[in-house]
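Let me begin by presenting the structure, written as structure tokens, before commenting on it.
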Amino acid sequence: MNRDIIYILAISITALLSIINLYYTVKNRKNPLREHVYKEQLLGVGKIMAAFYQLNNEISRIFNAKEVQNDNLQVLIEKVGESIYQYEHIMIDEIITLANEVVTQSDSFFIAISSGKLEEINLNYDNYFKSYFSLIQLLRDTFGIDELSKENQSLYKLPKYLKSILK
């Protein structure tokens, strides 16, 4: 009778360990796909942000000049839109929505510049960059940039003065 209990207990533990092992095996099979999607998302974000960089430069140049000298702004807005569209299948909805809001804000700035009203120009310029920096923060949070950076920093020894700066 005692042996039967031990056998049943051993078989139960073996079955439990097999189920746990199966769970982790299935979970680990998805890791390469997850890593690939993450890398593609980062690549897409890099291309989208490169398009935004050009747009930001043009918007700042126009803001300082207070006039549109050519249709370059509209071309850059379209380029950002194309970049977003190209990667929207692998981005989370919040990123796509906020990126499109930034593009909309750039359109509003373009319209304000065309109207020539200084107050509208300033307001739309500020709104554009507020939404742009919100997008940057969302990207940093979504991809865990700060956490990954801290983890990477812990892998190597930093001089004490740098540690105090980076905290």
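Where a number appears in this text, it was derived from the coordinates with a stated rule and is not lab data. What you see is a predicted model; the values in this text were computed from it and never measured. Because the Cβ atoms are built from the backbone with ideal geometry, glycine has one as well, and the counts that use them run over all protein chains shown.
Between Ser83, Ser114, Ser154, where does the largest GNM mean-square fluctuation fall for the chain, given springs only between Cα atoms within less than 10 Å? Result for the chain, Cα springs under 10 Å: Ser154 fluctuates most.
From the alpha carbon centroid of the stretch 12-62 to that of the stretch 99-156 is 22 Å. For the stretch 73-148, trypsin sites (Lys or Arg not before Pro) are listed when DSSP marks them as loop and at most 16 other Cβ atoms sit within 10 Å of their Cβ; the list is Lys117. Ordering Leu73, Asn57, Pro32 by the projection of their Cα atoms onto the charge dipole of the stretch 31-166, which places +1 on the Cβ of Lys and Arg and -1 on the Cβ of Asp and Glu, puts Pro32 at the extreme positive end.
Pairs from the list Lys39/Lys79; Lys47/Lys150; Lys30/Lys79; Lys130/Lys150; Lys30/Lys150 with a Cα-Cα gap above 32 Å: Lys30/Lys79. Rounded to the nearest 10 degrees, the inclination of helix 118-142 to the longest alpha-carbon principal axis of the chain is 20 degrees.
In the chain, the convex hull through the Cα atoms has an average projected area of 16.6 nm², a quarter of its surface area. For the chain, a Gaussian network of Cα nodes joined below 10 Å ranks Ile77, Ile145, Ile48 by mean-square fluctuation, and the top entry is Ile145. Helix content alone sets the calculated 222 nm mean residue ellipticity of the chain: runs of n ≥ 4 DSSP H residues at -39500 (n - 2.57) each, divided across all residues, give -30000 deg cm²/dmol. Loop-located GluC sites (Glu not before Pro) in the stretch 1-88 (DSSP state other than H, G, I, E, B) with a sparse environment of at most 11 neighbouring Cβ atoms within 10 Å: Glu67.
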